[in-house]
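Asks: Can you keep this structure in mind? I'll have questions shortly.
The values are calculated or read from the model by the stated rules, or taken from the named source; none is laboratory data. A quick note: this is a predicted structure, and the numbers were derived from the prediction, not measured. Every residue, glycine among them, receives a Cβ derived from its backbone with ideal geometry; neighbour counts consider all protein chains shown.
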Amino acid sequence: MIERLIQQCWPEWVGTVSQGAGGWNNTTCFIHQAGRGCVLRIYNTHRDKDKIEFELDVLESLRHSELSFETPMPIPSATGERIVQIPDGSERYAVVFEFLEGQRPEGNSLLAAYSFGEKTGELVEALGQIDMVRPPVYRPYHELLQSYPACTREAIEGFCLQPEPAFLGLHQELRQLLDAYDDISRRLGALRKLPQQLVHGDLNFSNLLVDPLQPEKVTALLDFEFCTRDVRVVEPAVVISGFLGLEGEHEAISRFCQGFGSRIRLNAEEIEAIPVLIRLRMVDVFLHFLSRYREGTDDAAVLQEQVRILSSGLRQLTDSVAWIREAAARYLL
């Protein structure tokens, strides 16, 4: 199917196909030719062309910023389209991007933490200068209560307090997630008052590349699919949440904050909100996978794994709130 799609829509890129790293939301394939290559991305979890159009508009706007790192750029099809609907009856969409040099950090390597912070701060600066004509499709994190229509408070309570047979062994973890949902719901109003701008919203070690010869240097930031308008401080908060539980997390978070603070500074209210936003991120991920499970996209095993991971993350966050705020205040204020 991939070979036929490339032949039909990007014939000048016909070559050898290899599977990329799998993700929850998309399928990635690499197309190899002599001396060059490209990346095919198939969007699996939605059929909303407007979401992809917004992502590509953001990337086009970033082309005009003088960034010290690379970002993905789409390659038009033979008919000039940036986005192609796959002719397999699934109604999914595909985009081909230019190949970017670099490699994923090995084993969530923390060597690049400072550079990651530096590039994240640089991206925040650049996105803050962009005024999009097309409205964003994805809601900001602080609109959690409107983001998952099927996940009402009643539905979440029913699932967590009266779990289905497949989740009976996770009763305690589900109760913890319900408590986190209730706590976050009370804090959303205050978050809306923080400075807002365009944000990437999903920066983590799987969405960056480093120099193979200098693995401490970030060379590219990837996957702008969830880019939207949100509070500015959500960007470092999302990254910090990804460091929790890793070996050397204290050092990594401190180095990330140093790098970020070398480019941009936050106000006291934003610093105070970082642990709240990390908690919000975890609740949002829970509702995302709960929705996928109830829609039949994922089986029970996927949601079980996420419940365990997120519950563990909430416990780690409780133990880490004080020093996260301390590191953020030291380097970001």
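Asks: Any chance the range 320-330 includes a residue that's part of a helix (DSSP H, G or I) and under 22 Å from A166 (Cβ atoms)?
Replies: No.
Asks: Go through the range 177-221 and give me each residue that's among the hydrophobic types (A, V, I, L, M, F, W, C) and assigned to a strand (DSSP E or B).
Replies: Restricting attention to the range 177-221, the residues satisfying the condition of being among the hydrophobic types (A, V, I, L, M, F, W, C) are 177-178, 180, 184, 188, 190-191, 194, 198-199, 203, 205, 208-210, 213, 218, 220-221.
Listed by number, the residues that qualify are L198, V199, L208, L209, V210, V218, A220, L221.
Asks: Let me ask another. For the range 92-108, indicate whether the set of residues that are out of contact with any strand residue (DSSP E or B) (no Cβ under 9 Å at 6 or more places or on another chain), within 24 Å of V199 (Cα to Cα) and of a type in the set (S, T, N, Q) is non-empty. Lay out the reasoning, then the answer.
Replies: Restricting attention to the range 92-108, the residues satisfying the condition of being out of contact with any strand residue (DSSP E or B) (no Cβ under 9 Å at 6 or more places or on another chain) are 107-108.
Among the residues that remain, those that are also within 24 Å of V199 (Cα to Cα) are: 108.
If we keep only those that are of a type in the set (S, T, N, Q) as well, we get 108.
Yes, there is a match, as at least one residue in the range 92-108 is out of contact with any strand residue (DSSP E or B) (no Cβ under 9 Å at 6 or more places or on another chain), within 24 Å of V199 (Cα to Cα) and of a type in the set (S, T, N, Q).
Asks: Here is a further query. Could you check the range 64-79 and list, in sequence order, the residues that are of a type outside the set (S, T, N, Q) and more than 16 Å from V218 (Cβ to Cβ)?
Replies: H64, E66, M73, P74, I75, P76, A78
Asks: Can you pull out every residue in the range 227-264 that is assigned to a loop (DSSP other than H, G, I, E, B) and either at pLDDT 95 or above or of a type in the set (S, T, N, Q) (or both)?
Replies: C227, R232, V233, S262, R263, I264
Asks: Additional query: Just a yes or no: is a residue in the range 302-312 among the aliphatic types (A, V, I, L, M), closer than 19 Å to N26 by Cα and in a helix (DSSP H, G or I)?
Replies: yes
Asks: Additional query: Just give me the residues in the range 159-168 being surrounded by 13 or more Cβ atoms within 10 Å (Cβ to Cβ) and part of a helix (DSSP H, G or I), in sequence order.
Replies: F159, C160, A166, F167
Asks: For the structure I just gave you, tell me whether L174 is surrounded by 13 or more Cβ atoms within 10 Å (Cβ to Cβ) and either outside any helix (DSSP H, G or I) or at pLDDT below 95 (or both).
Replies: On the way: surrounded by 13 or more Cβ atoms within 10 Å (Cβ to Cβ): yes; either outside any helix (DSSP H, G or I) or at pLDDT below 95 (or both): no.
So L174 does not fit the description; no.
Asks: Here's a follow-up. Any residue at all in the range 267-287 that's at pLDDT 95 or above and outside any helix (DSSP H, G or I)?
Replies: yes
Asks: Among the residues of the range 114-128, are any assigned to a loop (DSSP other than H, G, I, E, B) and either in contact (Cβ under 8 Å) with a residue 24 or more places away in the chain or closer than 25 Å to L209 by Cβ (or both)?
Replies: No, the range 114-128 has no match at all.
Asks: Give me a count of the residues in the range 129-148 that are out of contact with any Ser or Thr (no Cβ under 8 Å at 6 or more places or on another chain) and farther than 20 Å from E225 by Cβ.
Replies: Number satisfying all stated conditions: 1.
Asks: Moving on to the next point. Out of V283, V233, V218, V210, report the one residue that is within 27 Å of F159 (Cα to Cα), β-branched (V, I, T) and outside the structural domain of S61 (by TED's automatic domain parsing).
Replies: V283
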